[in-house]
Amino acid sequence: MSYVKPDQLIDSIVQAGVDKSTLSIGQLLARGTLAGAILACATTLALTATAQTHLGIVGAVIFPVGFVMIVLLGLELVTGSFALIPLAVLEGKTTVQLMLRNFVFVIIGHLIGCALYAGLYLATVTRMGTDQSDPVIAMIIKIAETKTIGYEALGASGLALVFIKAVLCNWMVTLGAVLAFTSTTTGGKILAMWLPVTMFFALGFEHAVVNMFVIPAGMLLGAHVGFLDWWGWNQLPVLLGNFVGGVTLTAALLYFSHRTKVARTARPVLGPAVAVETSDISVAAVEAETSRETVSA
């Protein structure tokens, strides 16, 4: 069967967290850059679908294609890692320092990837700066302003609101990352990942990497948003909310729901060298028993 049970799932998640934490800085930057560009591309695809159909749910159904590509290609998406690496730390398989190293360099990669795609996409959607008629342009400007000065207008309540929306967003996104481990087939992984990611996009929650593209893109198109508006009223609180959502609502609850003492102390699979030693012990035991039988006879 292709279904992976929850107790086995935890082992896979922990190992994935270990693997992610031990990647080189070059790998983190490269994978983070590509992931950022892919997610930015998926965002523009979703906005285009919404503009063409006037139905936000259509864009939400299409958007997960980017997330699926990132996971299947083994790239680095920091919001997904917010649930995976902390479990490896909890198990003592990696360190907080390595976890933070992953987060920092992957975020830098995301910013690079989103910036590269934004430059290329804006050149095409504006016909090299000569045409502002595409409806997606107006959508990006409005989204950028709503995600920044829209919260600023609410003051402290705006900060609380953006943080809550970020927590809820990464609850769904990290569920998608975890559900990718529940199947051993590509089709099963895709379907499992698609569902929660569609939910977060349709509900208008706040995703840090999407915002690394859509807000600066809106700024370049003329949105009345400054750098401090972007980072102070959205990017930093969203990163924090995404981390809290991934760690608490997904990683911690799943871990303490399914991890048992038996599972944590289960005997590891024997490697070749250990297997030989076990075999030698068995042979020695048989020879000893044979010797005793001979003496008795």
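Each value in this text was obtained by applying a stated rule to the coordinates, not by laboratory testing. Just so it is clear, the model here is predicted, and its values are computed rather than measured. Ideal geometry is used to build each Cβ from the backbone, glycine not excepted, and the neighbour counts take in all protein chains shown.
Each of 39, 120 was scored by other Cβ atoms within 10 Å of its Cβ. Listed from fewest to most, they are 120, 39. Each of [x] 5, 21, 25, 23, 15, 7, 3, 1, 0; [y] 6, 25, 31, 18, 8, 5, 3, 2, 1, 0, 0; [z] 6, 23, 22, 15, 16, 13, 5, 1, 0 is a candidate for P(r) over Cα pairs in 10 Å bins from 0, in percent; the one calculated from this structure is [y]. A simple count of charges around residue 223, restricted to other residues whose Cβ falls under 9 Å of its Cβ and scoring Lys, Arg +1 and Asp, Glu -1, yields 0. Mind checking the angle between helix 78-90 and the chain's longest principal axis? C-alpha axes, 0 to 90 degrees, to the nearest 10. On a 0 to 90 degree scale, this one is about 30. Between residue 240 and residue 128, what is the FRET efficiency for a Förster distance of 41 Å, r being their Cβ-Cβ separation, to the nearest 0.05? Using R0 = 41 Å, I get an efficiency of 0.60. The ranking of 96, 71, 214, 125 by Cβ neighbour count inside 10 Å, starting from the fewest, reads 96, 125, 71, 214. Residue by residue, the stretch 124-132 carries 3J(HN,Hα) couplings of 7, 6, 9, 6, 6, x, 9, 9, 10 Hz when phi is fed to the Karplus relation 6.51 cos²θ - 1.76 cosθ + 1.60 (θ = phi - 60°); x denotes Gly or Pro. Fewest-first ordering of 12, 183, 257 by other beta carbons within 10 Å of each residue's beta carbon gives 257, 12, 183. What number of lysine-lysine pairs in the chain show an alpha-carbon separation below 17 angstrom, given a sequence spacing of 8 or more or placement on distinct chains? So the count of such lysine pairs works out to 5. Computed from Cα positions, the angle between helix 135-146 and the longest principal axis of the chain comes to roughly 80 degrees.
Residues whose amide H lies under 5 Å from that of residue 183, counting only those 5 or more places away or on a different chain, are 4; hydrogens are built 1.01 Å from N in the peptide plane.
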